[in-house]
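These notes concern the structure reproduced below.
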Amino acid sequence: MEKCILIYDDDVEILTVTKIILEKHHYHVETRTRCDDIIKEVGEIKADLVFMDLWIPRMGGESALQLMKQNEVTWHIPVILFSANDLIEEVCKRSNADGYLRKPFSINNLVQLVEDIILKKK
């Protein structure tokens, strides 16, 4: 069964490229440009991993991550922060994210990070 990755980013080009890359590596990928209904979406999609941009409209990635980590249905799902923010490593530690990927990223780094998280989850 394919593992499902849910990606939140307001940049449609990043969503498209990331989805293509991960689907070529046999992952099912869902994308969203907003995270207003994150708990509902993560539950319905049954995501195995979430990539979260920090600069997403309205709620923001860090707040959405905190909601997930405080919810009994979603707290266990790994979340990778996905941003060009210079302080991404600091935000990752502060928010209890499961990792981060700095933009721009290499295809190899993206795929390796996903594989590491998915394998650790088994």
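Here are the numbers for this structure:
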quantity	calculated
Pick from segment 100-114, criterion in contact (Cβ under 8 Å) with a residue 40 or more places away in the chain and outside any loop (DSSP other than H, G, I, E, B), ranking: surrounded by the most Cβ atoms within 10 Å (Cβ to Cβ)	V114
Odd one out for R34, checked against (1) assigned to a loop (DSSP other than H, G, I, E, B); (2) crowded, with 18+ Cβ neighbours inside 10 Å	(2)
Every residue from segment 37-85 that is among the acidic types (D, E) and not in a loop (DSSP other than H, G, I, E, B)	E41, E44, E62
Test for A97: is it more than 15 Å from C4 (Cα to Cα) and in contact (Cβ under 8 Å) with a residue 40 or more places away in the chain	yes
Residue in segment 63-90 that is surrounded by the most Cβ atoms within 10 Å (Cβ to Cβ), counting only those that are touching a Lys or Arg at 6+ places or on another chain (Cβ under 8 Å) and within 19 Å of R32 (Cα to Cα)	V79
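Each value in this text was obtained by applying a stated rule to the coordinates, not by laboratory testing. All values derive from a computational prediction rather than experimental measurement. In this analysis, Cβ positions are derived from the backbone assuming ideal geometry, glycine residues included, and neighbour counts consider all displayed protein chains.
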